[in-house]
Amino acid sequence: MAANNNSNGNSNNNDDARHQKSKLEKQKRLEDLEAKAVAEAKESADSSFRPSPSLLNSSSPEALMSQVDGPPMDTYEGKESVYVGRSVSVAAGDKLSVPIQVSTPNSVVEYALEVKGYDLNVGITAEREDGITIVRKLNRIDVLACPLTQKFLVGTVPCMIKFLFDNEYSWIREKVISYKITVTPPSRESLGAGRRRRAKSCLKAIDEDLRSAQQRSAAVKEQKEPLVKGIECLEKQLEEKRKSLDVAADEEKWLTERLLLRQRQQNLLQSRLTKGWDDESPEEAERSHNEANGH
């Protein structure tokens, strides 16, 4: 009987060992798959990297390099950052925003959320210079689904991650949320490989923009040449018209003076003919007037 008990005990121990081993192997496979997915996401993010408009338009070439290079390798520590909120109240009709600045490319953001008592709307956005990406659409977290955990990759930085806990739809009940947000930057090896992938991707974008600028420059030069000739022609015409205007102005001045002179002469002659000359007596003036008119 004792032998049977020992046999059963050994069998149970073996079953537990096999179960534990299977559980560990399954966990290891999941971890390997997760690591592979993260690595592929990093590679995809770096390969599709495009500089922001402000960096492409910056007059300083070093501004672009800062986004490609990432943090300096000689001082890089790669420490994770943890943000924790325990039993945080969100009043009825109110909302709570938790902003987290991510400055290292290819950082992994992992969060665990737990809502106590009642459901709560939760949304996550990633804000960059070129726009806002919705990481998680604003919707309700069911209390029964808690704790809710998820990971996502932040490929392009600087990036502001915002966790929004929204209770505006509730008029009466406050909600209680606990959260733990962990930002894990990449390893030195991953950071080095990432900057090289970003440099290759960025070089493609720069080459495309360079070719586009060269084509536009050639087109502008073609447009510019006839415009320059047209302006030169207009300037010559303008100069000729200025000369003609000066001549017309001089002639106008001369004619104005001549008109005034002739009008004064005309008035003086008419006065003499009607009133006579100052050096004549009235009788002489009348006699001269009659003779001039055939009387």
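Only one of the listed residues (T256, T182) is under 26 Å from Y111 (Cα atoms) and hydroxyl-bearing (S, T, Y). That residue is T182. Pairs, please: C-beta under 8 Å, at least 6 apart or cross-chain, first residue in a helix (DSSP H, G or I) and in segment 196-213, second at pLDDT 90 or above? Filtered contacts from segment 196-213: R198/P105. Of all the listed residues (T125, T149, T104), the sole one being in a loop (DSSP other than H, G, I, E, B) and either touching a strand residue (DSSP E or B) at 6+ places or on another chain (Cβ under 6 Å) or in contact (Cβ under 8 Å) with a residue 24 or more places away in the chain (or both) is T104. For segment 109-122, a residue qualifies if it is closer than 24 Å to Y169 by Cβ and assigned to a strand (DSSP E or B), and the qualifying residues are Y111, A112, L113, E114, V115, K116, L120, N121, V122. Within segment 204-249, the set of residues being polar (S, T, N, Q) and farther than 27 Å from N57 by Cβ comprises Q237, S244. Candidates in segment 118-152 are the residues that are modelled with pLDDT under 90 and among the aliphatic types (A, V, I, L, M); of these, the one that is surrounded by the fewest Cβ atoms within 10 Å (Cβ to Cβ) is L144. Using the structure shown, decide if V115 is touching a Leu at 6+ places or on another chain (Cβ under 8 Å), among the β-branched types (V, I, T), under 16 Å from V84 (Cα atoms) and crowded, with 18+ Cβ neighbours inside 10 Å. Criteria not met by V115. S87 meets each of the listed conditions (1) more than 30 Å from Y169 (Cβ to Cβ); (2) hydroxyl-bearing (S, T, Y); (3) assigned to a strand (DSSP E or B) apart from (1).
The values are calculated or read from the model by the stated rules, or taken from the named source; none is laboratory data. What you see is a predicted model, and the numbers here were worked out from it, not measured in a lab. Virtual Cβ from ideal backbone geometry, glycine too; neighbours counted across all protein chains shown.
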